[in-house]
Amino acid sequence: MRTIEKAKFISRPLGDLRQVDTSLRDTQRTESKKSTRKLPSIVSLFSGAGGLDLGFKQAGYSISVAIDLASAAISSHKHNFPDTLAEVGDLIKLQPQGVLEIVSRKLPKGSAIAVIGGPPCQGFSRANNGAKSTDPRNKLPQLYLEIVALLQEHYAVEFIVFENVLGIRDRKHLPTFLALKEGVAKLGFSVSEQELCAEDFGVAQTRRRIILAGLSKDGSISRFKPRKRSGDRTVKEAIGHLPEPQFFCRNLDPNSFPAHPNHWTMQPKSARFSNPDAEVDDGRSFKRLKWEKPSPTIAFGNREIHVHPSGKRRLSILEAMLLQGFPKEFVLLGNLSEQVQQISNAVPPPLAKSIANAMKLAFEGPSRE
């Protein structure tokens, strides 16, 4: 709970004591109102397994609705957020009206809500050498805005949070990004654009992302400043305590895996795993981590899971989860490939929690600027 600050008294003539007393009572009422403010319910679009959602939940928000195209991700979401209405859905097919229908099944119209999420980033990613401005996925930010616009007609949308890769601001994608910012402003929100690195928020990973936030007139954009957090700084701190994982084979029981149901990985078939210290360029598909450094971005393509610091195998799903800042209580469902996709698409929860707490602070104190 936020500590109530003492009222600051200004030197006044003795005859103004009554005015000072009134000012104090007004301050106390304002602080009381701030401390009891009800947080908006979260509607999560492109939710994945719920990395961004988990951070908001840890900050005290209720995750009411989650929608994602991947059925395995929604199965994971339901497992970890049992009170959430989590739906498998293609937002392109659902369109804003379909999203509204799902939200209205969970939340009465007129409720205060917030919309969070990040559309698939592959079309903007610098790691995708074939990324083109004409990629159909690049139209998803506009759809995101159209969904928010319709929700505004039926709900009090207090804020939105949009997460994506740095490449969305590259020259070939800049028109899309500028249109997105302009669209957020046209919806009546104050706009904040920040580049954040997971490493600054207690995550042993150099993952950098763009966070675009829109706040309603009741919020203060100048107070939206995610605070840096302490936590794991190196790969060793995050995963050095784990036993060896289970290697993939058919008909495995996750409950029999060492340490955690997600502590499994691919069979180390490449000859390079037999001689990990050979002088060979790592390349994108054989990126070996170092114990005393943070991990590079946890975002894996086909068979590109980072290599364990030992050089003898690839990371397990659990190791990737811990390098993303997930707690051990979190469990991913689905087959190995589906779990790889889920952890690659996730926002690190500690970063998400700082964003969520910053949003709470933005709605305290004087609101209009």
Complete set of residues in the stretch 307-325 that are among the polar types (S, T, N, Q) and surrounded by fewer than 23 Cβ atoms within 10 Å (Cβ to Cβ): S310
Within the stretch 160-201, tally of residues that are hydrophobic (A, V, I, L, M, F, W, C) and more than 26 Å from S230 (Cβ to Cβ): 13
Residue selected from the stretch 265-306 under the condition among the charged types (D, E, K, R), at pLDDT below 95 and touching a helix residue (DSSP H, G or I) at 6+ places or on another chain (Cβ under 8 Å), by the criterion surrounded by the fewest Cβ atoms within 10 Å (Cβ to Cβ): R303
Within the stretch 170-195, tally of residues that are under 13 Å from P141 (Cα atoms) and either touching a residue at least 12 places away in the same chain (Cβ under 8 Å) or buried (at least 19 other Cβ atoms within 10 Å of the Cβ) (or both): 9
Residue in the stretch 49-63 that is among the polar types (S, T, N, Q) and within 24 Å of P141 (Cβ to Cβ) present: no
Criterion violated by P309 - all others in (1) at pLDDT 95 or above; (2) outside any loop (DSSP other than H, G, I, E, B); (3) not hydroxyl-bearing (S, T, Y) satisfied: (2)
Test for N255: is it surrounded by fewer than 17 Cβ atoms within 10 Å (Cβ to Cβ), part of a loop (DSSP other than H, G, I, E, B) and without any contact (Cβ under 8 Å) to a residue 24 or more places away in the chain: no
Residues being among the polar types (S, T, N, Q), outside any strand (DSSP E or B) and crowded, with 20+ Cβ neighbours inside 10 Å - total across the stretch 196-227: 1
Condition broken by S230, with the remaining ones in (1) exposed (fewer than 15 other Cβ atoms within 10 Å of the Cβ); (2) touching a helix residue (DSSP H, G or I) at 6+ places or on another chain (Cβ under 7 Å); (3) among the polar types (S, T, N, Q) satisfied: (2)
Single unsatisfied condition, K328 versus (1) crowded, with 17+ Cβ neighbours inside 10 Å; (2) touching a residue at least 24 places away in the same chain (Cβ under 8 Å): (1)
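The values are calculated or read from the model by the stated rules, or taken from the named source; none is laboratory data. These numbers come from a predicted model, not from an experiment. FYI the Cβ positions are ideal-geometry reconstructions off the backbone, even for glycines, and counts take in every protein chain you see.
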